[in-house]
Each structure stands twice: as C-alpha cells, then as structure tokens.
4 protein chains.
Amino acid sequence: MAKPTGIAKAELLTAAKQCLVHNGIEKFTLKAVAEQAGVTQGTIYYHFKTKEQILLEIIQSICEDSWSELSVASKEFIQIALQSAKSRYENNVFYHKLYFTLIVIGFNNPSIKQQIADILKSENESLFKALTKLWEKSPIEGVSLESWSIFFNALMDGLALQVMVLEDFPIDQFYEELEKIVITLYQLGK
Amino acid sequence: MAKPTGIAKAELLTAAKQCLVHNGIEKFTLKAVAEQAGVTQGTIYYHFKTKEQILLEIIQSICEDSWSELSVASKEFIQIALQSAKSRYENNVFYHKLYFTLIVIGFNNPSIKQQIADILKSENESLFKALTKLWEKSPIEGVSLESWSIFFNALMDGLALQVMVLEDFPIDQFYEELEKIVITLYQLGK
Amino acid sequence: MAKPTGIAKAELLTAAKQCLVHNGIEKFTLKAVAEQAGVTQGTIYYHFKTKEQILLEIIQSICEDSWSELSVASKEFIQIALQSAKSRYENNVFYHKLYFTLIVIGFNNPSIKQQIADILKSENESLFKALTKLWEKSPIEGVSLESWSIFFNALMDGLALQVMVLEDFPIDQFYEELEKIVITLYQLGK
Amino acid sequence: MAKPTGIAKAELLTAAKQCLVHNGIEKFTLKAVAEQAGVTQGTIYYHFKTKEQILLEIIQSICEDSWSELSVASKEFIQIALQSAKSRYENNVFYHKLYFTLIVIGFNNPSIKQQIADILKSENESLFKALTKLWEKSPIEGVSLESWSIFFNALMDGLALQVMVLEDFPIDQFYEELEKIVITLYQLGK
DNA sequence: CATGAATGAGACTTCATTCAT
DNA sequence: AATGAATGAAGTCTCATTCAT
C-alpha cells in the first residue's frame with residue numbers, strides 16, 4: 001500500500017523545482033507549477049499551505065539530497081571533486097541554478113536562509129572529513145584543515161557560478177588543474 | 001549641456017539598488033523604488049522605459065564600479081584580496097547581495113546574463129594582471145596563471161556567499177590564512 | 001429504526017453553529033465546520049446537500065428551541081423577562097450572536113428571512129399570551145396588548161444588541177428597572 | 001480647486017454601502033463594489049488598503065451621519081422618534097440594514113465592534129439629552145433617565161429589526177402608540 | 001519634470017463542491 | 001458512512017504601466 005499522497009507531493013515538488021529553475025524566481029508562479037505538474041492550482045494548495053511552504057520543502061529535499069550525496073563521499077578527495085564536477089557542474093547546472101536561486105531568495109527569507117546555512121555547514125564538514133582522510137595534515141602551517149575545506153567548498157561554488165554565467169567555461173580543464181594543485185599541496189605537506 | 005536629469009536618475013538607481021537588496025527580487029517593486037527615492041511611480045517612468053531597464057542600468061553601474069575598483073588593483077595581489085575583503089565583504093555585504101541577486105536574475109534574462117558575464121570576465125582578467133605582477137609565473141606546473149586567477153576569483157565569490165549566508169563567518173581569519181597560502185605558493189614557484 | 005445518523009447530524013449542526021458564531025459569517029467555512037466537528041468536508045456533504053442547507057437547518061433548530069423556550073414561559077411576564085435575561089443574555093450571548101447573524105443573512109436570503117419572520121412572530125405571540133395573563137388589559141388606552149408585546153420583544157432584542165456590543169453593559173440592573181416599569185404600568189392599568 | 005480624490009473616495013464608499021446592503025455580507029465582493037462604482041478593482045485598491053478598510057470607513061461615515069443627525073435632535077423627544085421613524089425606519093431600511101450588517105460583522109471584528117460601540121453610546125447619550133429636556137425627571141422612581149434613554153434606543157433598534165424582517169409591519173401605527181406611552185409616562189412623572 | 005489617478009492582467013489564496021474508494 | 005484528493009470558480013490583492021494635468 002504505497003502512499004499516493006506522498007508520491008503526489010513529491011511530484012509537485014519536482015515540478016516546482018523545474019519551474020523555479022526554468023522560469024526563474026520572478027516567474028515562479030503557482031499557475032506555472034500547476035501546469036508543469038498537470039494539476040490545478042487548487043491541488044497545490046491542498047498539499048502546500050502557501051507558496052513559501054513549497055520553497056521550504058524544495059530546500060528540505062535538496063538538503064536531504066545533499067546530505068546523502070556528501071556522506072557517500074568519504075573516499076578520496078579528488079574523486080569527490082570529479083564526482084561533484086560530473087554530477088553537479090556538468091550535468092547538473094539544474095541543481096546549481098536551483099541552489100543559487102534559493103540562496104538569493106534566502107537573503108530576504110530567514111527560514112530559507114537558515115536551511116541554506118545548514119546545507120553549507122554540512123558541506124563544509126563533509127569536505128573536512130574527506131580532506132582529513134586524504135591529507136592527514138594541512139600542507140601549509142597556519143592554515144587549518146577546516147579552512148582548507150571551506151576554501152574548497154567556496155571554490156566549488158565560485159566555479160559553479162562561472163559555469164552558469166559563462167557559456168563556454170571549460171570546466172573539465174579546470175578540474176584537471178585543480179587535481180594537480182591538490183596533489184602538489186599534498187606532497188608539500190609530507 | 002548640464003545634466004540635471006542624470007543626477008536624478010542616479011538617485012533613482014541608488015534607490016533601486018537598495019530596494020533590490022533590502023526587499024529581494026520578489027518584492028522588487030516600482031512602488032517600493034519610488035517610495036525609497038521619495039518620488040511617485042510616474043516619475044520612475046519618466047526616467048526608465050520599463051522595470052527591466054532599471055535592472056539593466058543597475059548592472060551597468062555595477063559594471064563601472066567593478067572596472068574602476070579592479071583597475072586600481074594592479075599592485076600586489078594580497079593587497080587586492082585584503083582590500084576586497086575590506087571593501088566588499090566586511091562593509092559591502094550590500095554589494096555582494098546585489099551582485100548575486102543579479103546573477104540569479106540573469107539565469108533567466110539574457111541581457112543581464114551577458115552583462116554579468118562581462119563583469120566576471122573582466123574580474124578574471126584583472127586578477128590575471130595582478131597575479132602576473134605578483135608571481136611572474138605559476139607556482140605549479142600545468143596550472144596556468146589564467147587558471148589561478150579564475151580560481152581566486154571563484155574563491156572570492158564562494159567566500160562571499162558563505163559570509164552572506166553564515167551569520168558568524170570569521171572572514172578576517174580566512175583572509176589571513178589565504179595570505180599565507182598565496183605566499184607559500186609564491187615561494188614554491190621560485 | 002435507530003437513527004445513528006441523526007445524532008451525527010445534530011453534532012454537525014452544533015459544530016456549524018459554533019463556527020458561525022465564533023468565526024462570523026465571512027469565515028463560516030465548510031472546512032471550519034468540518035474541523036470543528038472533527039470530520040472531513042466530505043462527511044458534511046454526506047449529511048447536507050449544500051452549505052445553505054446547513055444554515056436552514058441551523059435556523060430550524062433555533063426555531064424549535066425558541067418555541068419550546070417560549071411555550072414554557074406562560075407564567076408571569078416578569079419571570080419571563082428574568083428568565084430570558086438569564087438564559088439568553090447572561091449566559092447566552094452565543095444564542096443571540098447566532099440569532100442576529102442569521103437575521104442579517106436573512107436580509108439577502110428569502111428562505112432564511114421567512115424562518116426568522118416566523119420566529120419573531122411566534123415570540124410576539126408568546127409574549128402576548130404572557131402579557132394577557134399578567135396584565136389582563138392594557139395599562140394605557142389606545143395601546144393594545146399586541147403592541148405592548150411587540151414593544152417588549154423589540155426591547156429585549158435591542159437590549160441584547162447592546163449587551164453584545166458594549167462590553168460592560170450592566171444588563172442585570174436594567175432588568176431590575178424594567179421590572180419596576182412593568183409593575184408600575186400594571187398598577188396604572190388597574 | 002475641488003478635491004477630486006475626496007469625491008472619488010466618497011463615491012466609492014457610497015457604492016460600497018449599496019453593495020453591502022443589496023448583496024449582503026457574503027456577496028460583498030470588491031468586484032461588486034467596483035462594478036457598482038463603475039471603476040476597476042485596481043482603483044479600489046488605490047483608495048483603500050484592504051477590504052476591511054472599506055468597512056471601517058463605511059462605519060466612520062455612518063458614525064459622522066449619526067452624530068450630526070442626533071445632535072440636531074435636541075428638541076422634543078417625540079419629534080425625535082417620529083423623525084427617526086421617518087428618516088430611518090420608513091425610508092431608510094437601507095440605513096438599518098447597513099447598521100445591523102455592520103453590527104454582525106463587528107461580532108468578529110474588534111475594530112468594527114469598537115466603532116459600533118461608540119455609535120451606540122453616542123445614541124444613548126443623545127437620547128438622554130432629549131429625554132432630559134422632555135421629561136425633566138423620570139416618571140418612575142428607581143428608573144433613571146439614563147436607563148429610559150437606553151430602553152428607548154433598544155426599542156428603536158428592536159422595532160427596526162422587526163420592520164426589516166416582517167414585510168407588513170405597521171410601523172406607523174406603533175409610533176403613534178409609542179407617542180401615547182411617552183405622553184402618559186410624562187404625565188405620570190409630574 | 002513630476003504627479004496622482006486609474007487600469008488590467010495576473011498573482012496568491014480560499015472555498016463549495018464532487019467523486020473514487 | 002466516511003474520507004482524502006482534487007477541482008475550478010471566484011475572491012482578495014499586487015504591480016507594471018499609462019496618461020491627463
């Protein structure tokens with residue numbers, strides 16, 4: 001006895017994400033979500049109390065995705081990067097557009113901001129664990145592994161941004177170069 | 001040819017920026033801009049053809065700011081970073097909120113996206129020039145100075161993001177650590 | 001023929017009355033009624049054909065209450081007044097809010113208006129019977145006992161109105177004074 | 001230079017009152033008001049912040065009417081009654097429907113309730129002044145003139161109610177009888 | 001230059017009602 | 001007998017835009 005409600009809601013959320021990414025915040029309308037999901041606007045309100053609630057549940061679902069994605073990533077750091085590159089940058093401009101859109105919405109929406117903050121922190125922590133396994137200790141004195149993980153996370157986000165804005169951004173090349181940097185730093189630390 | 005209108009227009013643009021940052025995209029209303037500027041909505045239409053035109057002119061003004069800011073920055077790279085830190089992160093969360101907001105708007109607005117792309121490119125170039133002066137050559141073989149500049153620019157943006165989302169982000173500490181990294185890499189390259 | 005449904009229906013009606021009084025006409029929603037009754041909206045439609053049907057049945061139930069209440073009241077007039085005061089004004093602001101609400105709904109709803117009219121008339125008649133027993137004849141020539149009964153009924157309603165609107169209305173005091181008036185008038189008529 | 005705005009707003013209020021009376025609370029929609037006034041719904045929102053604001057301003061205008069109406073009425077009490085009868089009951093079922101509708105809305109709306117309370121109190125006071133001139137002292141010991149004025153006000157409202165609900169209510173006849181009562185009571189007091 | 005008034009399209013939201021289960 | 005899901009019409013409200021003054 002599968003829960004039809006749960007499925008329906010998940011489908012609505014998926015439709016909402018697609019709308020948010022394809023139409024942009026300004027055109028993120030409930031009518032558009034309804035059409036995308038193939039239901040009426042009333043149906044949306046049967047499942048979500050308000051429009052903001054949809055945004056919140058979108059983030060929550062991202063949050064869960066993010067957690068699972070990153071918790072798996074306790075192998076080698078470079079693999080994380082490449083894996084991220086593949087799963088998030090190359091294929092998933094979608095994911096990052098959604099992510100940045102929600103960040104910007106969060107600027108003026110405390111609840112959403114909080115959730116984004118949680119995601120960021122958990123990403124930083126995941127990267128920290130990965131770095132610990134990879135490097136054991138920081139290659140540069142005075143720069144903690146925590147800081148390195150924050151830097152790498154920031155770098156990922158910053159690169160994602162350039163990918164999204166610059167049409168012909170050669171992300172693959174940059175990941176190869178990043179790999180070299182990580183390796184060189186590792187050897188520096190020994 | 002005195003330009004009294006130009007002045008008024010600049011004030012409207014300032015008001016518009018404040019609205020965009022303080023109200024967020026969703027509540028970026030011409031009524032709000034008018035109130036912020038202390039004029040009526042009609043007045044705005046005397047100066048701007050449409051709402052989108054305001055956004056475009058906002059971005060153009062940022063563009064000019066960005067150029068001037070970065071063209072000055074042809075001294076030492078670390079100083080750039082610290083200067084950026086001071087002028088943009090610490091004091092200017094405002095600037096970065098505006099910047100990221102426009103990026104996200106750009107996701108679904110080609111004209112704005114183009115301008116954002118131009119800004120990004122010119123920032124990359126400015127950083128490249130600065131790095132050239134600072135490092136002369138790349139500290140790691142196989143990683144071009146162009147790539148380093150892109151990495152640093154991405155890092156800046158990514159850190160800015162964390163500053164804006166995480167309330168208690170110790171940005172100062174990170175800049176000190178970044179300085180150490182830059183210096184270490186420099187010595188590595190000699 | 002047990003009527004389990006009948007009981008359920010009565011409960012729904014009670015819930016509906018509470019909603020109508022506590023939420024007001026404007027928020028008199030089937031969803032609210034359903035929640036109040038602890039059932040789903042669908043259940044309401046099992047028992048009532050439409051929303052208006054609920055209102056009609058509410059009024060019918062009041063009608064029955066009213067009749068029984070007043071038919072008992074064939075003793076002394078003053079006792080009626082005091083009894084009314086106790087059962088309707090002091091404790092039963094609820095009853096009067098419901099009553100006035102339905103009157104106002106009746107302004108634009110012929111079926112309801114008709115029922116309200118019936119209630120009013122039967123109240124007038126009951127008061128007339130009571131007055132007949134109490135006074136035998138009118139204390140003032142040219143003013144029929146029918147008129148007196150209408151006046152007293154109007155007075156009751158008007159006082160109820162003031163009770164409901166004025167927070168600190170000393171209804172008890174007024175009933176004592178009313179009693180004096182009734183007695184004085186009675187002696188006047190002898 | 002007449003104020004066109006003021007006039008426009010007054011016209012909107014008039015239209016709103018007509019809607020409220022002719023359509024009833026349940027159908028008191030902004031669309032209806034707009035159509036009645038011959039403007040678009042947007043226009044209404046240019047003049048009134050919300051729908052509730054319209055109701056509040058309706059009451060305020062009634063309040064002003066009521067004050068002026070009653071302050072004039074410092075002549076003879078019976079004339080007040082007749083005058084009221086003429087201006088309010090016979091011709092102005094409209095006025096009373098509006099009045100009772102607002103009272104019922106006030107049951108669940110504190111701001112409106114407060115204004116209704118103010119109106120009631122000022123009516124009571126006006127009647128008290130009129131009674132003082134007419135009777136000088138109370139015809140029945142133990143019943144203050146204040147109480148008499150409240151009773152007469154309640155009586156007026158209660159009769160108005162019967163007029164509105166009972167199609168063939170002979171209000172004229174009742175006013176004549178009321179006049180006899182007032183006169184008889186007056187002589188009783190001498 | 002600037003404004004106040006007005007507009008109409010479209011946003012979010014509510015709600016009576018229906019229906020398969 | 002009851003329910004949960006869905007609907008679509010309609011309601012309140014917002015907003016970019018226009019225009020006479």
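The values are calculated or read from the model by the stated rules, or taken from the named source; none is laboratory data. This structure is a prediction, so every number in the text was calculated from the model and none was measured. Note that each Cβ is placed from the backbone with ideal geometry, even for glycine, and that neighbours are counted across all protein chains shown. Side chains included, ligands, DNA and RNA excluded: accessible areas come from the protein's heavy atoms. Shrake-Rupley method; radii C 1.70, N 1.55, O 1.52, S 1.80 Å.
One residue alone among B:ILE103, B:ILE116 is at pLDDT 90 or above, closer than 17 Å to A:MET164 by Cβ and touching a Gly at 6+ places or on another chain (Cβ under 9 Å), and that residue is B:ILE116.
Do we have any residue at all in segment B:40-55 that's within 21 Å of A:ILE103 (Cα to Cα) and within 14 Å of DNA strand E (Cβ to nearest atom)? No, there is no match, as no residue in segment B:40-55 is within 21 Å of A:ILE103 (Cα to Cα) and within 14 Å of DNA strand E (Cβ to nearest atom). Being open to solvent by 40 Å² or more (accessible area, probe 1.4 Å) and near DNA strand F (Cβ under 8 Å from one of its atoms) is the filter here, so list the residues in segment B:30-39 that pass it. Across segment B:30-39, the qualifying residue is only B:LYS31. Across segment C:6-29, what is the number of residues that are open to solvent by 50 Å² or more (accessible area, probe 1.4 Å) and among the β-branched types (Val, Ile, Thr)? Total meeting the criteria: 3.
Those helices (runs of 4 or more DSSP H) of segment D:86-189 in which 3 or more residues are closer than 27 Å to C:LYS97 by Cα occupy D:93-106, D:110-135, D:145-165.
Specify the residue that is most open to solvent (accessible area, probe 1.4 Å); the eligible residues are those in segment A:160-173 that are at pLDDT below 90 and either over 18 Å from the mean Cα position of the chain (by Cα) or at the interface with another protein chain (Cβ under 7 Å from one of its Cβ atoms) (or both). The qualifying residue most open to solvent (accessible area, probe 1.4 Å) is A:GLU167. The residue pairs whose first member lies in segment C:31-47 and is in the same structural domain as C:ALA10 (by TED's automatic domain parsing), whose second member is β-branched (Val, Ile, Thr) and buried (at least 19 other Cβ atoms within 10 Å of the Cβ), and whose beta carbons are closer than 6 Å, counting only pairs six or more residues apart or on different chains, are C:ALA34/C:ILE44.
Among the residues of segment B:8-33, those identified as more than 8 Å from chain A (Cβ to nearest Cβ) and part of a loop (DSSP other than H, G, I, E, B) are B:PHE28, B:THR29. Figure legend. Inter-residue proximity from segment C:144-160: first residues within 10 Å of D:ASP157 (Cβ to Cβ), second residues open to solvent by less than 10 Å² (accessible area, probe 1.4 Å) and of a type in the set (Ser, Thr, Tyr), beta-carbon distance below 7 Å, spacing 6+ or different chains. Indicated pairs: C:ALA160/C:TYR89.
Taking the numbered list (1) touching a Gly at 6+ places or on another chain (Cβ under 7 Å); (2) under 25 Å from B:ILE171 (Cα atoms) in turn, A:VAL165 passes all entries but (2). Of all the residues in segment C:174-190, those that are within 24 Å of the chain's Cα centre (by Cα), more than 7 Å from chain D (Cβ to nearest Cβ) and surrounded by fewer than 21 Cβ atoms within 10 Å (Cβ to Cβ) number 4. Exactly one residue out of A:SER87, A:SER126, A:SER138 is at pLDDT below 85 and buried (at least 18 other Cβ atoms within 10 Å of the Cβ): that is A:SER126. Can you tell me which residue in segment B:90-123 is nearest to A:LEU20 (Cα to Cα), limited to those that are open to solvent by 50 Å² or more (accessible area, probe 1.4 Å) and more than 12 Å from chain A (Cβ to nearest Cβ)? The extreme case among them is B:SER111. Within the option set C:SER144, C:SER149, being more than 7 Å from chain D (Cβ to nearest Cβ) and open to solvent by 10 Å² or more (accessible area, probe 1.4 Å) holds for one residue only, C:SER144.
Apart from one condition, A:ALA154 fits all of (1) open to solvent by 10 Å² or more (accessible area, probe 1.4 Å); (2) closer than 22 Å to B:GLU176 by Cβ; the exception is (1).
If the condition is being away from every other protein chain (no Cβ under 14 Å), within 7 Å of DNA strand F (Cβ to nearest atom) and open to solvent by 50 Å² or more (accessible area, probe 1.4 Å), then segment C:40-50 contributes C:TYR45, C:TYR46.
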